[in-house]
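For reference, the structure discussed in these notes is given below.
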Amino acid sequence: MNHLTRGHVLVVCPHTLNGVNTTREMPLHPSRPPQKLHRMSFHHKQINSSGGGGHVYLVQHAMKDLTYQSFCFPEAIKMRGVESRESLPYYHYRDDALKVWDAVLGFVTDVVNIYYIDDEAVQTDNELQAFMEDVFIHGLRADNSSGFPESVTTIQRLTEYLTMIIFTASCQHAAVNFGQYDWCSWIPNTPPTMRCPPPSEKGTVDMQYIMESLPDRGRSCWHLGAVWALSQYQDNELYLGMYPDEYFIEQPVKEAMEKFRTNLQEITRLIAERNKDMELPYYYACPDRIPNSVAV
């Protein structure tokens, strides 16, 4: 549910499907024009116990806990209390994703500073302010408790906001999406259905009860097919930093894009160097495996 609400509902719907033209000539991420949303449908009722309506309730409940701060990766890590490398030295998701966050932040900073000379330029950009307001009101139902801004008044705030969108739709989604088959293919890890009600007393569950509760072979096969498909890359996938269509012609922007790609390549090299001696390598937040945007 966290994957669905953070990686799809709150990023794809409010920011790209609310009728606001985010591909206008403003310093949004150059990956916006080639973003592609490959939609996949499967028989939800046949494989998941939440059925065709239960998932709506679950999404509504999960949305109550989402905040702007929790989408800003460095802050999210601190909120979870896992920022210390000394206390938690081998948390590769944190370490790799922070590198990508910093690379995206640097890229966005370079591009934003090309188009906005000061904070006043941000404040007087009517299209930008209308976009922010529309996302807040129609995408987030004007929920002040979410912490999402209704407007943006500084270059620094705009840079953070755009970094949050790009990072969430690329690195964050890739990190939790493309490992689904690795984890979910062992059905007891994430059973799509449970055929028996939850036990009401402790100490009453035995192996027979567990086996009777786990999904049958048919639903397990449906589940395996779904998570396998969700974990696949597209044949024509565009990875982070790849912009084959020339939407930006200004030389400073081209230089910022090249710098971004160079930074991503160095992160990829560092991760590959670490992984080569690992029995179980971690590569879900490696730039060469991160699509430009949510692709499923």
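Brief remarks on what is shown
- Only one of the numbered conditions (1) more than 28 Å from Ile114 (Cα to Cα); (2) assigned to a helix (DSSP H, G or I); (3) not acidic (Asp, Glu) is violated by Tyr284, and that is (2).
- If the condition is being among the hydrophobic types (A, V, I, L, M, F, W, C), open to solvent by 10 Å² or more (accessible area, probe 1.4 Å) and modelled with pLDDT of 95 or more, then the range 154-179 contributes only Ile155.
- For Thr262, the stated conditions do not hold, so it cannot be described as touching a Pro at 6+ places or on another chain (Cβ under 9 Å) and modelled with pLDDT of 95 or more.
Conditions (1) open to solvent by less than 30 Å² (accessible area, probe 1.4 Å); (2) β-branched (Val, Ile, Thr); (3) touching a residue at least 60 places away in the same chain (Cβ under 8 Å), marked per residue:
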| site | (1), (2), (3) |
| --- | --- |
| Pro199 | no, no, no |
| Gly203 | no, no, no |
| Gly225 | no, no, yes |
| Leu240 | yes, no, yes |
| Lys259 | no, no, yes |
| Arg269 | no, no, no |
| Asp277 | no, no, no |
| Pro281 | no, no, no |
| Asp288 | no, no, no |
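- Any hit, the range 258-278, residues being under 26 Å from Gln180 (Cα atoms), under 16 Å from the mean Cα position of the chain (by Cα) and not in a helix (DSSP H, G or I): no
- Subset of the range 181-196 (residues that are free of Cβ contacts under 8 Å to residues at least 40 places away in the same chain, open to solvent by less than 90 Å² (accessible area, probe 1.4 Å) and out of contact with any Phe, Trp or Tyr (no Cβ under 9 Å at 6 or more places or on another chain)): Ile187, Pro188, Pro191
- Any hit, the range 161-176, residues being free of Cβ contacts under 8 Å to residues at least 60 places away in the same chain and either in a loop (DSSP other than H, G, I, E, B) or touching a helix residue (DSSP H, G or I) at 6+ places or on another chain (Cβ under 9 Å) (or both): yes
- Number of positions in the range 227-238 that are open to solvent by less than 90 Å² (accessible area, probe 1.4 Å) and in a loop (DSSP other than H, G, I, E, B): 6
- The range 122-140, residues that are farther than 20 Å from Cys72 by Cα and at pLDDT below 85: His138
- Restricting Pro252, Pro291, Pro287, Pro197 to those that are out of contact with any Cys (no Cβ under 9 Å at 6 or more places or on another chain) and either among the hydrophobic types (A, V, I, L, M, F, W, C) or closer than 24 Å to Thr168 by Cβ (or both) reduces the list to Pro291.
- Helices (runs of 4 or more DSSP H) within the range 77-153 that include 3 or more residues closer than 15 Å to Thr163 by Cβ and open to solvent by 30 Å² or more (accessible area, probe 1.4 Å): 92-115
The values are calculated or read from the model by the stated rules, or taken from the named source; none is laboratory data. The structure displayed is predicted, hence computed values, not measured ones. Quick reminder, even Gly has a Cβ in these numbers, built from the backbone with ideal geometry, and neighbours come from all protein chains shown. Surface areas here come from the heavy atoms of the whole protein model, side chains and all, with no ligands, DNA or RNA. Shrake-Rupley method; radii C 1.70, N 1.55, O 1.52, S 1.80 Å.
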